[in-house]
Amino acid sequence: MRALSADAGARTLPGCPVRSYRVACVDLTHQRTWVQQRGRILFGPVPMRSGGVRHPTRTGWFRIYWRHRYHWSTLYNSPMPYAQFFSGGQAFHAVRGSIRTRGGSMGCVNLRLADARGLWKVLRKGDHVYVWGRRHHG
């Protein structure tokens with residue numbers, strides 16, 4: 001996945017609309033996320049884990065409405081470092097261990113710690129998020 005990060009500054013990838021403002025792109029089909037603006041990639045793409053069958057990550061347009069660097073989920077009694085919420089309780093955040101699991105998340109976009117930290121540095125409250133595609137289960 002290190003090669004994916006080499007795309008920063010390159011032209012955008014297919015699937016995510018090009019806008020004049022920052023857009024956090026969440027590609028459920030390929031399980032990757034990045035940030036782009038004006039046809040250029042500002043961050044990523046990096047691997048991610050989206051929601052599982054019972055708790056899918058919602059698709060569509062959203063905005064980052066709350067950021068909390070040291071968030072703790074009271075619902076799951078679990079840390080959510082670098083949490084950036086964009087749809088109800090769904091957020092970008094770091095997880096411990098591997099993001100490569102069969103079951104998926106509880107709807108959030110799970111990232112490796114370094115990637116969640118990098119995304120935190122690029123996004124701001126109010127930035128747009130576009131989620132599309134379909135996670136392949138199995």
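The values are calculated or read from the model by the stated rules, or taken from the named source; none is laboratory data. All of these numbers come straight from a predicted model, not from anything done at the bench. Note that we place each Cβ from the backbone using ideal geometry, even for glycine, and neighbour counts take in every protein chain shown. Protein only, heavy atoms only, side chains kept; ligands, DNA and RNA dropped before computing areas. Shrake-Rupley method; radii C 1.70, N 1.55, O 1.52, S 1.80 Å.
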_Residue among G60, G118, G89 that is surrounded by fewer than 17 Cβ atoms within 10 Å (Cβ to Cβ), among the small types (G, A, S) and within 24 Å of P14 (Cα to Cα)_ = G60
_Selection within the range 62-119 - assigned to a helix (DSSP H, G or I) and closer than 23 Å to Q37 by Cβ_ = A114, D115, A116, R117, G118, L119
*Is it fair to say R40 is more than 11 Å from W132 (Cα to Cα), modelled with pLDDT under 95, of a type in the set (K, R) and surrounded by fewer than 17 Cβ atoms within 10 Å (Cβ to Cβ)?*
no
*How many residues are touching a Lys or Arg at 6+ places or on another chain (Cβ under 8 Å) and either open to solvent by 40 Å² or more (accessible area, probe 1.4 Å) or hydrophobic (A, V, I, L, M, F, W, C) (or both) if we restrict to the range 19-37?*
7
*Take the range 92-119 and flag every residue that is closer than 14 Å to S50 by Cβ, modelled with pLDDT under 95 and among the polar types (S, T, N, Q).*
T101, S105
*Filter the range 122-131 for residues that are under 13 Å from the mean Cα position of the chain (by Cα) and either over 19 Å from R69 (Cβ atoms) or surrounded by fewer than 19 Cβ atoms within 10 Å (Cβ to Cβ) (or both) and give the result.*
V122, H128, Y130, V131
